[in-house]
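Please treat every number below as a calculation from the coordinates, not as lab data. Worth saying up front: this structure is predicted, and the values here are computed from it rather than measured. Heads up, the Cβs are rebuilt from the backbone with ideal geometry, glycines too, and the neighbour counts pull from every protein chain shown.
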Amino acid sequence: MITRRELGRAFDALRLSEVDLCIHSSMGSFGEQLERGPEDLVETLLARGCTIMVPTFSSCFLAESGGDETAVFHPECKDLSVEKMGILSSYILQAPGRIRGNHPLNSFAALGPHAEELVNGQTPRDVYDPFRQLCNRDGFVLLAGVSLDRATIVHYAEQLAGRRLFVRRARTAEGTIPAAVGGCSRGFNQLAPVLEPLRRAVAVGQSKWSCFRTQDMVAVCKETIQNNPYITHCGAPLCSRCSEAVKGGPPVDEFLWNS
Ligand SMILES: [Zn+2]
């Protein structure tokens, strides 16, 4: 059993106190269970004055997904792709006082003293504003038992490197609208060597954690992508998203945004 005291020691080792951080996690990675699951993680961080941000993506609102055509996104709704997002994201989305960004497919939700500052600027077009805010606030990304292919912030670095984002259509309370999304992230583990000097590492039970200061991480990823666009390619010859991304992203289509 992993105690809150052990979690506290891990956050001490990572120097995470009174900071904002985005967490991508696999609760299954802990092996020995956390006594009260995600609640232990969340309460430990809130007690340290941290603000927690998590991805709360919801592919169920993709216009072309089929399924329940009457289900529409609204920041107050509690739908997410739980099998992909994990139980920490699900827990935060249910928590009283959480704030969810306004993006029907790739929203982020935050809990803690700076939740509004982090996610209130997210819009269907400005999908990665939460990472812009996280960088401005000198925040961190914590990968808890998952690898870099889960680090959505790399898509923000791709955007800063000059890549255009992909556009999907999604169902919202205002009707079916365009929404910007990132491409394929399966190649992001190839950034591990260039990010290694920035990585703070700790193990909690069997869960291996990596933590990065966002300003440094984004700067290194942006420069690496600009110098070697293929670094993010997943290697699948037929991956159309990666082949477009290395060429700078899909063609701009202002019509999509104005329709
Ligand atoms: Zn790919």
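Name the residues whose placed amide hydrogens come within less than 5 Å of the amide hydrogen of residue 56, ignoring near sequence neighbours (fewer than 5 apart) on the same chain.
So residue 56 has HN proximity to 107, 108, 109.
Using only DSSP helix segments of four residues or longer, with each worth -39500 (n - 2.57), what per-residue ellipticity at 222 nm results for the chain after dividing by its residue count and rounding to 500?
-8500 deg cm²/dmol
Zone of residue 137 (label point 7 Å along Cα→Cβ, backbone N under 18 Å): which residues in the stretch 155-176?
Answer for this model: 156.
Pull out a ≥ b ≥ c, the square roots of the eigenvalues of the alpha-carbon gyration tensor of the stretch 161-259, then state rounded if a/c is under 1.5, prolate if not and a/b is larger than b/c, and oblate in the remaining case.
Note, shape of the stretch 161-259 comes out prolate.
Could you list 230, 156 in order of exposure, starting from the residue whose Cβ has the fewest other Cβ atoms within 10 Å? It would help to have the intermediate numbers written out before the result.
Numbers: 230 12, 156 25.
The most exposed by this proxy come first: 230, 156.
Quote the charge dipole size of the chain about the Cα centre in Debye, to the nearest 20; the model charges only the Cβ of Lys and Arg (+1) and of Asp and Glu (-1).
Computed about the Cα centre, the dipole is about 480 debye.
Fewest to most neighbouring Cβ within 10 Å: what's the order for 58, 147?
Lowest count first: 147, 58.
List the GluC sites (Glu not before Pro) within the stretch 1-48 that DSSP assigns to loop and that have no more than 16 neighbouring Cβ atoms inside 10 Å.
18, 32, 35
Sequence neighbours fewer than 8 away in the same chain don't count; with that in mind, list the lysines whose C-alpha is under 30 Å from residue 78.
Reachable lysines: 208.
If I build a Gaussian network model for the chain, linking alpha-carbon pairs within less than 10 angstrom, which residue out of 196, 244, 174 has the largest mean-square fluctuation?
Most flexible of the set in this elastic network: 174.
Given the options 203, 121, 135, identify the residue whose Cα lies farthest towards the positive end of the charge dipole of the stretch 111-251 (+1 on Cβ of Lys, Arg; -1 on Cβ of Asp, Glu).
So the residue we want is 203.
If I model a spin label at residue 5 and residue 173 as a point 7 Å from the Cα along the Cα→Cβ vector, what separation in nanometres do I get?
About 4.7 nm separates the two model spin labels.
Fewest first, what order do 91, 128 take by the number of other Cβ atoms within 10 Å? Spell out each step's value before the answer.
On the way: 91 18, 128 24.
Ascending number of Cβ neighbours within 10 Å: 91, 128.
Using 7 Å Cα-to-Cβ label points, what is the residue 226/residue 12 separation (nm, one decimal)?
Modelled inter-label distance: 4.1 nm.
Dipole size in debye (nearest 20) for the stretch 128-259 around its Cα centre, Lys and Arg Cβ +1, Asp and Glu Cβ -1?
Its charge dipole is roughly 260 debye.
In debye, nearest 20, what is the charge dipole magnitude of the stretch 38-120 about its Cα centre with +1 on Lys and Arg Cβ and -1 on Asp and Glu Cβ, if you could check?
Charge dipole, the stretch 38-120, about its Cα centre: 200 debye, nearest 20.
For the stretch 47-123, what does the alpha-carbon gyration tensor say about shape, rounded, prolate or oblate, given a ≥ b ≥ c as the root eigenvalues, a/c under 1.5 as rounded, and a/b over b/c as prolate? Let's see the in-between values first.
Working: a/c = 2.54, a/b = 1.82, b/c = 1.40.
The shape class here is prolate.
How many nm separate the modelled label positions at residue 82 and residue 253, each set 7 Å beyond the Cα in the direction of the Cβ?
Each label point is offset 7 Å from its Cα along the Cβ direction, giving 3.4 nm.
Which aspartates and glutamates have a Cα lying under 14 Å from the Cα of residue 247, excluding residues fewer than 8 positions away in the same chain?
Within the straight-line limit of under 14 Å, residue 247 reaches these aspartates and glutamates: 158.
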